1. In region 7-62, what residues are assigned to a strand (DSSP E or B) and polar (S, T, N, Q)?
2. Taking region 6-24, which residues are hydroxyl-bearing (Ser, Thr, Tyr) and closer than 27 Å to LYS65 by Cα?
3. Would you mind finding the one in ALA69, ALA53 that is over 17 Å from the mean Cα position of the chain (by Cα) and either among the small types (Gly, Ala, Ser) or surrounded by fewer than 16 Cβ atoms within 10 Å (Cβ to Cβ) (or both)?
4. Go through region 190-225 and count every residue that is exposed (fewer than 13 other Cβ atoms within 10 Å of the Cβ), over 30 Å from GLY77 (Cα atoms) and of a type outside the set (A, V, I, L, M, F, W, C).
5. So which residues in region 131-176 are touching a residue at least 40 places away in the same chain (Cβ under 8 Å) and within 24 Å of ILE67 (Cα to Cα)?
6. What are the residue pairs meeting all of these: first residue in region 94-122, first residue under 16 Å from ARG178 (Cβ atoms), second residue outside any helix (DSSP H, G or I) and of a type in the set (Ser, Thr, Tyr), Cβ atoms under 6 Å, and 6 or more apart or on different chains?
7. May I ask you to say which residue of GLY41, GLY57 is at pLDDT 95 or above, among the small types (Gly, Ala, Ser) and over 25 Å from ALA135 (Cα atoms)?
8. Answer with yes or no whether ARG201 is modelled with pLDDT of 95 or more and not in a strand (DSSP E or B).
Amino acid sequence: MGVSTSSPGKGISVVTVDHPPVNALPVAGWYALADAVRAAGRDTEVRCVVLAAEGRGFNAGVDIKEIQARGDSALLGANSGCAEAFAAVYECEVPVVAAVQGFCLGGGVGLVGNADAIVASEDAVFGLPELDRGALGAATHLARLVPQHLMRTLYYTSRTVSAAELQAHGSVWRVVRRGELRAAALELAREIAAKDGRLLRLAKAAINGIDPVDVRRSYRFEQGFTFEAGLSGVADRVRSGFGKDVPE
């Protein structure tokens, strides 16, 4: 369990999250994920990173129960840990392909929104239940997946959007059966990894350089409001009912 790295083929590194029951990561988990992605990107033999997960869903965000138990210290840790993990994906020196199954919620959207390409299973759903969890954040990343007005509607309602809908918006590369997900992600990774490694790294830096949004700065701006919600008592009031609708 935890975060592991494997090398299934030349030039490819797979970073896998396995934190049962729903891959809701504690503070240490977000930092471990950031470290693994950064290490893979620094490896000069790697030309593409696949970000994957074991279990029913890709990622259910932060561990709300840890925040409830530890209070502000855990909230601050989750804020910083998520920021580091999201930045690690975005700033990874080589392209990152996200392989998404089942639920991709909260922090999961932060990860895939910063990835370079997304392959998803037919049962994958994406959303930000932040307002139902007494938090804010990752609108920065949802806005990279859907148009502005849809992003706002999804954010305010905490609704999810399917992989097929995201493919229609052009943000998901392929939608496949769950059993075919890892193979499909590796197929795309192999195609990318067949390119010249140095040129790929230059391409990643160039594309990030022309991005109209500074994702690190905009996400940190959002997180300030999450902390404000915590200090005001709003977050605790909302989170008091948490746990009745955890994904099964």
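1. First, the residues of region 7-62 that are assigned to a strand (DSSP E or B): 7-9, 12-18, 25, 48-53, 59, 62.
Hits for region 7-62 are SER7, SER13, THR16, ASN59.
2. Of all residues in region 6-24, those hydroxyl-bearing (Ser, Thr, Tyr) come to 6-7, 13, 16.
Matches in region 6-24: THR16 only.
3. Values: ALA53 fails: over 17 Å from the mean Cα position of the chain (by Cα).
Among ALA69, ALA53, only ALA69 is over 17 Å from the mean Cα position of the chain (by Cα) and either among the small types (Gly, Ala, Ser) or surrounded by fewer than 16 Cβ atoms within 10 Å (Cβ to Cβ) (or both).
4. The qualifying residues number 3.
5. Listed by number, the residues that qualify are LEU131, ASP132, ARG133, GLY134, ALA135, LEU136, GLY137, ALA138, ALA139, THR140, HIS141, THR160.
6. Pairs found: GLN101/SER121.
7. Numbers: GLY57 fails: over 25 Å from ALA135 (Cα atoms).
Just a single option satisfies the conditions, and that option is GLY41.
8. Working: modelled with pLDDT of 95 or more: yes; not in a strand (DSSP E or B): yes.
Spelling it out, ARG201 is indeed modelled with pLDDT of 95 or more and not in a strand (DSSP E or B).
The values are calculated or read from the model by the stated rules, or taken from the named source; none is laboratory data. Nothing here was measured: the structure is a model prediction, and the numbers come from that model. Quick reminder, even Gly has a Cβ in these numbers, built from the backbone with ideal geometry, and neighbours come from all protein chains shown.
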